[in-house]
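*Asks:* Starting off with a structure, shown below.
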Amino acid sequence: MSHAAIFLCAGSGTRMRGTVHDKVLVPLNGQPVVIHSLKAFQEAGIIDQIMVVYRDEEQKALLEEAFASVPHNYALNWVEGGKERQDSVFNALNELSLLVEYVYIHDCARPCVHPEALRELSRAVIHDSAAVLAHRVTDTIKKATTRKTFSKRRLTDVPRAGLWAMETPQAFERELIVEAYRRLRLENKSVTDDTAACAQQQIGVTLVENLTPNPKLTVPGDLPYLEFLLERRQIEV
């Protein structure tokens with residue numbers, strides 16, 4: 001069986017508010033953010049190749065330099081991203097070899113994904129064809145009325161039983177997710193993650209509860225927390 005990972009690196013990172021030039025290349029614990037994902041997949045030993053989705057030629061050159069700085073045993077392929085995340089995923093899926101049986105779609109702004117979580121995800125996708133790393137929602141969730149300002153909004157409780165926060169990677173049998181994205185494109189629908197593409201086609205997805213922190217680098221304040229998590233993991237090893 002051939003397994004491939006799609007590394008999504010083409011995002012604009014607008015919520016970083018210009019504090020870094022490129023959030024997947026910003027140094028984190030001594031290495032670019034994207035390299036931590038590479039090392040996690042390498043340690044997990046679950047894939048044969050990586051398809052890197054890049055934003056433009058300038059970013060591609062910097063990514064190639066980052067990958068070349070770390071010994072790895074994967075075939076690297078490259079594809080230019082699209083306007084939205086789903087366009088980038090679609091482009092990458094279309095470039096995958098037909099010999100690939102399973103694909104792991106990963107937002108590389110999640111550098112703390114743990115190798116053991118990847119192994120659990122791999123076992124789940126081989127058994128069930130579609131699986132996602134996720135964690136239970138434990139915060140109290142409120143729905144706010146729509147207003148132009150945040151002040152004095154009416155808040156309504158959203159029951160959290162059954163609520164899960166999606167993470168990445170999200171893993172699928174290649175033919176299944178390719179067809180889901182093709183139909184999405186034909187129907188001109190928008191989604192924010194890959195499980196939603198499956199949901200549009202009534203495809204069930206197995207939840208793999210991730211008990212290790214796997215946050216996404218979204219705003220500047222996330223950097224110190226991610227650095228702490230990676231440093232703690234090194235100490236534990």
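The values are calculated or read from the model by the stated rules, or taken from the named source; none is laboratory data. Here the structure is a predicted model, which means the values were calculated and not measured. In this analysis, Cβ positions are derived from the backbone assuming ideal geometry, glycine residues included, and neighbour counts consider all displayed protein chains. Surface areas here come from the heavy atoms of the whole protein model, side chains and all, with no ligands, DNA or RNA. Shrake-Rupley method; radii C 1.70, N 1.55, O 1.52, S 1.80 Å.
*Asks:* Quick one: pull the percent of accessible area on segment 113-237 belonging to carbon and sulfur, 1.4 Å probe, ligands and nucleic acids left out.
*Replies:* With neighbouring chains kept in place, the figure for segment 113-237 is 52 percent.
*Asks:* Here is a further query. Using amide H atoms built 1.01 Å from N in the peptide plane, name the residues 5+ places from Trp164, or on other chains, whose amide H lies under 5 Å from its own.
*Replies:* Sorted by chain and number, the residues that satisfy this are Val137.
*Asks:* Then there is this: Which FRET efficiency, nearest 0.05, do Ile235 and Lys143 yield, Cβ-Cβ r, R0 30 Å?
*Replies:* 0.15
*Asks:* At 0.36 nm per residue, and after removing the present C-alpha to C-alpha distance, how many nm does the segment from Ala75 to Ser12 gain when stretched out fully?
*Replies:* That pair, Ala75 and Ser12, stretches by 20.1 nm at full extension.
*Asks:* Cα-Cα pairs above 13 Å in segment 48-97: how many percent?
*Replies:* That tail contains 57 percent of the Cα-Cα pairs.
*Asks:* Then there's this: In square angstrom, what is the accessible area per residue of the chain with a 1.4 angstrom probe?
*Replies:* The answer is 54 Å² per residue.
*Asks:* With n ≥ 4 as the cut-off for DSSP H runs, can you work out [θ] at 222 nm for the chain, using -39500 (n - 2.57) per run divided by the number of residues, rounded to the nearest 500?
*Replies:* Rounded to the nearest 500, it is -11000 deg cm²/dmol.
*Asks:* Which label belongs to the value computed from this structure, given these candidates for mean projected area of the Cα convex hull in nm²: [x] 14.3; [y] 11.4; [z] 13.0?
*Replies:* It is the value labelled [x].
*Asks:* For Phe7, Phe90, Phe150, give the ranking by accessible area with the largest first, probe 1.4 Å.
*Replies:* If we order Phe7, Phe90, Phe150 from most to least accessible, we get Phe150, Phe90, Phe7.
*Asks:* Rounded, prolate or oblate: which fits segment 58-163 when a ≥ b ≥ c are the square roots of the eigenvalues of the alpha-carbon gyration tensor, with rounded for a/c under 1.5 and prolate only if a/b beats b/c?
*Replies:* Judged from the Cα gyration tensor, segment 58-163 comes out prolate (a/c at least 1.5, a/b above b/c).
*Asks:* List the relative contact order of segment 1-110 as a percent without decimals, with contacts defined as Cα pairs under 8 Å and 6+ residues apart.
*Replies:* 44 percent
*Asks:* Can I ask one more? Dipole magnitude of the chain about its Cα centre, charges +1 at Lys/Arg Cβ and -1 at Asp/Glu Cβ only, in debye to the nearest 20?
*Replies:* In debye, rounded to 20, the chain gives about 1480.
*Asks:* If you place +1 on the Cβ of every Lys and Arg, -1 on the Cβ of every Asp and Glu, and leave all else neutral, what size is the dipole of segment 60-173 about its Cα centre, to the nearest 20 Debye?
*Replies:* Around 1220 debye, computed over segment 60-173.
*Asks:* Further, regarding this structure: Please state the shape class of segment 113-237: rounded when a/c is under 1.5, otherwise prolate if a/b exceeds b/c and oblate if not, all from the C-alpha gyration tensor.
*Replies:* oblate
*Asks:* Would you please give the FRET efficiency between Asp128 and Asp48, computed as 1/(1 + (r/R0)^6) with r the Cβ-Cβ distance and R0 = 25 Å, to the nearest 0.05?
*Replies:* For Asp128 and Asp48, the calculated efficiency is 0.75.
*Asks:* Follow-up question, since we're still on this one. Report the charge-dipole magnitude of segment 54-114 in Debye, nearest 20, computed about the Cα centre from +1 at each Lys and Arg Cβ and -1 at each Asp and Glu Cβ.
*Replies:* So the magnitude is around 220 debye.
*Asks:* Turning to a different aspect of this structure: For the chain, build the charge dipole from Cβ charges (+1 Lys, Arg; -1 Asp, Glu) around the Cα centre, then report which of Leu211, Gly221, Leu133 sits farthest towards its positive end.
*Replies:* Gly221
*Asks:* In whole Hz, with x marking every Gly and Pro, tabulate ³J(HN,Hα) for segment 154-163 from phi via Karplus 6.51 cos²θ - 1.76 cosθ + 1.60, θ = phi - 60°.
*Replies:* So the Karplus estimates, Gly and Pro as x, are 7, 10, 10, 5, 10, x, 8, 4, x, 8 Hz.
*Asks:* I need two numbers for segment 1-140: Rg to one decimal and Dmax as a whole number, Cα atoms only, in Å.
*Replies:* In Å, with Rg to one decimal and Dmax whole: 14.9, 45.
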